[in-house]
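Q: Would you mind keeping the following structure in view while I ask a few things?
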Amino acid sequence: MATDPHALFEEWLAEARVSEPNDPEAMALATADAAGRPSVRMVLLKGHDGRGFVFYTNLDSRKGADLAANAHAALLFHWKSLRRQVRIEGPVEPVSGEEADAYFASRARDSQLGAWASDQSRPLDSRSTFEERYQRMRDRFGGGDIPRPPRWSGFRVVPRQIEFWNDRAHRLHERRLFVRQGEGWSEGLLYP
């Protein structure tokens with residue numbers, strides 16, 4: 001019964017791209033700090049393959065600090081229109097500088113400038129302070145290329161387990177769990 005969970009995820013994501021009205025790549029990212037205190041927020045999936053699931057952030061943000069202290073995370077995709085969820089858990093590793101540079105270069109210019117202007121997760125006295133910082137970055141870089149900020153990069157969640165959840169009538173849901181076994185995967189079912 002074993003199937004490649006990455007291929008199954010790609011099938012489900014392709015269906016979500018058709019049916020979800022907004023951000024089918026949105027995923028809840030759960031981290032915990034060194035003391036085990038959890039935190040969760042929505043981020044966007046920016047890449048996935050057999051190595052894992054990639055997102056980007058300011059390394060000085062709360063999630064960056066959590067991952068520096070405790071390099072494990074959980075992801076949750078919830079596609080309400082399809083009545084499906086995918087849960088992913090595993091260790092987290094940084095993406096390469098080349099991967100981060102390539103993704104940063106693909107972002108819209110305003111998003112690149114925002115990455116330079118933001119002290120993500122830090123207290124902000126007023127919106128105008130941020131807007132002024134953003135304008136300073138526009139002036140600083142003019143019309144030239146904008147390099148990736150040194151404090152901005154990406155992480156890859158390397159899945160150790162992936163669960164595919166399908167809604168069923170009367171809460172008799174179907175739950176398929178894939179667990180990493182060496183270079184392959186074992187597959188089983190979970191009670192709803």
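The values are calculated or read from the model by the stated rules, or taken from the named source; none is laboratory data. Everything quoted here is computed from the prediction, not taken from an experiment. We place every Cβ from the backbone using ideal geometry, glycine too, and count neighbours over all the protein chains shown. We work out accessible area using only protein heavy atoms, side chains counted, and drop any ligands, DNA or RNA first. Shrake-Rupley method; radii C 1.70, N 1.55, O 1.52, S 1.80 Å.
Q: Out of the residues in segment 38-57 that are open to solvent by 50 Å² or more (accessible area, probe 1.4 Å) and in contact (Cβ under 8 Å) with a residue 60 or more places away in the chain, state the one that is nearest to D101 (Cα to Cα).
A: So, considering only residues that are open to solvent by 50 Å² or more (accessible area, probe 1.4 Å) and in contact (Cβ under 8 Å) with a residue 60 or more places away in the chain, the one nearest to D101 (Cα to Cα) is K46.
Q: Also: With the condition kept exactly as written, say whether any residue in segment 109-118 is open to solvent by less than 40 Å² (accessible area, probe 1.4 Å) and part of a strand (DSSP E or B).
A: Residues of segment 109-118 that are open to solvent by less than 40 Å² (accessible area, probe 1.4 Å), as a first pass: 112-118.
When the remaining residues are screened for being part of a strand (DSSP E or B), the result is none.
Checked against the condition, which is being open to solvent by less than 40 Å² (accessible area, probe 1.4 Å) and part of a strand (DSSP E or B), segment 109-118 yields no hits at all.
Q: From the residues in segment 90-104 that are touching a residue at least 24 places away in the same chain (Cβ under 8 Å) and open to solvent by 60 Å² or more (accessible area, probe 1.4 Å), which one is farthest from T31 (Cα to Cα)? Show your work before the answer.
A: Of segment 90-104, the ones touching a residue at least 24 places away in the same chain (Cβ under 8 Å) are 90-95, 97, 99-101, 103-104.
Filter once more, keeping what is open to solvent by 60 Å² or more (accessible area, probe 1.4 Å): 93-94, 101.
Numbers: E93: 13, P94: 15, D101: 24 Å.
Once the filter is applied, the top-ranked residue is D101.
Q: Failed condition for S121, given (1) surrounded by fewer than 19 Cβ atoms within 10 Å (Cβ to Cβ); (2) within 14 Å of the chain's Cα centre (by Cα), with all others met?
A: (2)
Every residue, every condition in (1) open to solvent by 30 Å² or more (accessible area, probe 1.4 Å); (2) closer than 24 Å to R176 by Cα, yes or no:
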site: A16; (1), (2): no, yes
site: G36; (1), (2): yes, no
site: A68; (1), (2): yes, no
site: L75; (1), (2): no, yes
site: R84; (1), (2): yes, yes
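Q: Within segment 151-192, track down each residue that is assigned to a loop (DSSP other than H, G, I, E, B), of a type in the set (A, V, I, L, M, F, W, C) and touching a Phe, Trp or Tyr at 6+ places or on another chain (Cβ under 9 Å).
A: Looking only at segment 151-192, we keep the residues that are assigned to a loop (DSSP other than H, G, I, E, B), and these are 151, 158-160, 167-168, 172-173, 182-183, 191-192.
Cutting the leftovers down to of a type in the set (A, V, I, L, M, F, W, C) gives us 158, 172.
Hit for segment 151-192 is V158, nothing else.
Q: For segment 65-78, which positions are free of Cβ contacts under 8 Å to residues at least 60 places away in the same chain and either touching a helix residue (DSSP H, G or I) at 6+ places or on another chain (Cβ under 8 Å) or outside any strand (DSSP E or B) (or both)?
A: Of everything in segment 65-78, those that are free of Cβ contacts under 8 Å to residues at least 60 places away in the same chain and either touching a helix residue (DSSP H, G or I) at 6+ places or on another chain (Cβ under 8 Å) or outside any strand (DSSP E or B) (or both) turn out to be A65, D66, A68, A69, N70, A71.
Q: Exactly one condition in (1) touching a helix residue (DSSP H, G or I) at 6+ places or on another chain (Cβ under 9 Å); (2) farther than 30 Å from M27 by Cβ is false for D139; which is it?
A: If we test D139 against (1) touching a helix residue (DSSP H, G or I) at 6+ places or on another chain (Cβ under 9 Å); (2) farther than 30 Å from M27 by Cβ, just (1) comes out false.
Q: Evaluate the following for I146: is it free of Cβ contacts under 8 Å to residues at least 60 places away in the same chain and open to solvent by less than 40 Å² (accessible area, probe 1.4 Å)?
A: yes
Q: Moving on to the next point. Enumerate the pairs (first residue in segment 11-25 and closer than 12 Å to L45 by Cβ; second residue anywhere and modelled with pLDDT of 95 or more and open to solvent by 90 Å² or more (accessible area, probe 1.4 Å)) with beta-carbon separation below 7 Å, excluding pairs fewer than 6 apart on the same chain, so at least 6 apart or on different chains.
A: Cβ pairs passing all conditions: P24/R17.
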